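Undergrad: This is the structure I have questions about; it appears just below.
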Amino acid sequence: MPGTTLTAPSPTTCTPSRAARELGLNRAEFELAVQLGRIRTVRDEVGSGRRVERAEIDRIRADDGFPETLRARVRLVTTTGAAALMNISPGRFARLARLGLLVPVRFYLNRYRVVVWQYLAEEVEEFAARDMNAHLLEGRTPETLRSQVAAGVDLRARNWRGRHLGFLLRDAEGDPWARAGALAALLPPDEVAAATESPAEQARLNRLRPVPPRHGAPGTPSADIAEELMTAQDPDEIMWLRADLEQALAEARAASPGEVRARSGRPSPASMPRRPGPPVRPQTPEAARERRRLLAWLRGRRSRNAVVPTGAGRSDGARTCLRGT
């Protein structure tokens, strides 16, 4: 018909790179905003990636103070920057972080391959603004905390893993196999092998393991340090993660019993004898309370910036983390 113009319909979703440009974020800021739930994404119907709905971009752009408020919510600071925000010395902030009072959200390795932890500036400011934390920012550090620092407690790597696991489980979106893959990403390979019932099941988990943060080419010292930080090492942490992995695997097998039976060649996973877990160390009352507290945190029920109980021991990755900042 004369005078008629045909136009292609506007897409309802866009790629992450396009969404980042429209929201004024660089790639790292956009990825962190997605992990924190600041930006909601949907699965790509064609590929295996993620996309952002146009309505979500419009919602964020309509917020008061955009784009400054959005960028402020994903702003990262190192130990020095966080100490400046709290008006304390970097040494005092590092002690608070080692004790688990502030949880890092990311890390990188500097030119000397020293781990540099990064924290959300928003959380640092919130911590400093709470009246209940005022005694931690000035004067003498409480004796209970000083004794933990003297004992070498460093929970930064462990707390980072817990937070990173939360990001991975959010991406799993209730899929039991994806949930199992996320848990397997933090466990040593021998623990994953012990929790599975067949080589095919283990291979499936390996395919579903999320890609770890990259720090150097595989096999380099930087990559080895990053892998150490990514992997649970303390027996109690391994025990909790493996228990969650076994539960996720049980749910995945129940959701597809025929597939598991065909691949494993076994009549029923429930009929198989349970493999023994790692040896459990004798638990003192303080350690038992720590176990319950930290297990609740790993499952998402612990509030942000909760004080870690006094019974915490030397963290995994301590050999590397004690060199960190």
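The values are calculated or read from the model by the stated rules, or taken from the named source; none is laboratory data. A quick note: this is a predicted structure, and the numbers were derived from the prediction, not measured. Here the Cβ is made from the backbone with ideal geometry for all residues, glycine too, and neighbour counts use every protein chain on show. We work out accessible area using only protein heavy atoms, side chains counted, and drop any ligands, DNA or RNA first. Shrake-Rupley method; radii C 1.70, N 1.55, O 1.52, S 1.80 Å.
Undergrad: Say whether the condition of being under 17 Å from PRO104 (Cα atoms) and either at pLDDT below 95 or open to solvent by 10 Å² or more (accessible area, probe 1.4 Å) (or both) is met by at least one residue in the stretch 172-184.
TA: Scanning the stretch 172-184, I find no residue that is under 17 Å from PRO104 (Cα atoms) and either at pLDDT below 95 or open to solvent by 10 Å² or more (accessible area, probe 1.4 Å) (or both), so the answer is no.
Undergrad: May I ask you to list pairs of residues, at least six apart or on different chains, whose Cβ atoms are under 6 Å apart, with the first in the stretch 179-198 being of a type in the set (Asp, Glu) and the second being modelled with pLDDT under 90?
TA: GLU197/SER264; GLU197/PRO269
Undergrad: Which of (1) out of contact with any strand residue (DSSP E or B) (no Cβ under 7 Å at 6 or more places or on another chain); (2) part of a helix (DSSP H, G or I) does GLY174 not meet, given it meets every other one?
TA: For GLY174, the exception is condition (2).
Undergrad: Here is a check on your reading of the model: is PRO221 at pLDDT below 85, open to solvent by 30 Å² or more (accessible area, probe 1.4 Å) and closer than 23 Å to VAL115 by Cβ?
TA: When the stated conditions are applied, PRO221 passes them.
Undergrad: Go through the stretch 41-87 and count every residue that is assigned to a helix (DSSP H, G or I), basic (Lys, Arg) and in contact (Cβ under 8 Å) with a residue 12 or more places away in the chain.
TA: Of the residues in the stretch 41-87, 4 are assigned to a helix (DSSP H, G or I), basic (Lys, Arg) and in contact (Cβ under 8 Å) with a residue 12 or more places away in the chain.
Undergrad: Is it true that GLU237 is open to solvent by 50 Å² or more (accessible area, probe 1.4 Å) and over 24 Å from ASN110 (Cβ atoms)?
TA: Spelling it out, it is not the case that GLU237 is open to solvent by 50 Å² or more (accessible area, probe 1.4 Å) and over 24 Å from ASN110 (Cβ atoms).
Undergrad: Regarding ALA252, is this residue open to solvent by 20 Å² or more (accessible area, probe 1.4 Å) and under 21 Å from ARG179 (Cβ atoms)?
TA: no
Undergrad: Still on this structure: Would you pick out the residues in the stretch 9-40 that are surrounded by fewer than 17 Cβ atoms within 10 Å (Cβ to Cβ) and assigned to a loop (DSSP other than H, G, I, E, B)?
TA: Selection gives PRO9, SER10, PRO11, THR12, THR15, GLY24, ASN26, GLY37, ARG38, ARG40.
Undergrad: Being part of a loop (DSSP other than H, G, I, E, B) and of a type in the set (Asp, Glu), is that true of even one residue in the stretch 141-152?
TA: No, the stretch 141-152 contains no residue that is part of a loop (DSSP other than H, G, I, E, B) and of a type in the set (Asp, Glu).
Undergrad: In the stretch 46-98, which residues are open to solvent by 60 Å² or more (accessible area, probe 1.4 Å), over 30 Å from LEU109 (Cβ atoms) and of a type in the set (A, V, I, L, M)?
TA: VAL46, ALA55, ALA62
Undergrad: Continuing with the same structure: Out of the residues in the stretch 141-163 that are in contact with a helix residue (DSSP H, G or I) (Cβ under 8 Å, 6 or more places away or on another chain) and either without any contact (Cβ under 8 Å) to a residue 40 or more places away in the chain or β-branched (Val, Ile, Thr) (or both), state the one that is surrounded by the most Cβ atoms within 10 Å (Cβ to Cβ).
TA: Looking at residues that are in contact with a helix residue (DSSP H, G or I) (Cβ under 8 Å, 6 or more places away or on another chain) and either without any contact (Cβ under 8 Å) to a residue 40 or more places away in the chain or β-branched (Val, Ile, Thr) (or both), I get VAL153.
Undergrad: Which residue, of ALA128, ALA84, is under 30 Å from GLY216 (Cβ atoms) and of a type outside the set (Lys, Arg)?
TA: ALA84
Undergrad: Also, quick follow-up: Yes or no: GLU123 surrounded by fewer than 15 Cβ atoms within 10 Å (Cβ to Cβ), within 21 Å of the chain's Cα centre (by Cα) and within 29 Å of PRO212 (Cα to Cα)?
TA: no
Undergrad: Using the structure shown, decide if ASP171 is among the charged types (D, E, K, R), free of Cβ contacts under 8 Å to residues at least 60 places away in the same chain and closer than 30 Å to THR69 by Cβ.
TA: yes
Undergrad: Separate question: What tally of residues in the stretch 193-236 results from selecting those that are in contact with a Ser or Thr (Cβ under 8 Å, 6 or more places away or on another chain) and in a helix (DSSP H, G or I)?
TA: Of the residues in the stretch 193-236, 7 are in contact with a Ser or Thr (Cβ under 8 Å, 6 or more places away or on another chain) and in a helix (DSSP H, G or I).
Undergrad: Collect the residues in the stretch 119-150 that are under 26 Å from ARG38 (Cα atoms) and among the β-branched types (Val, Ile, Thr), keeping them in residue-number order.
TA: VAL124, the sole residue that qualifies.
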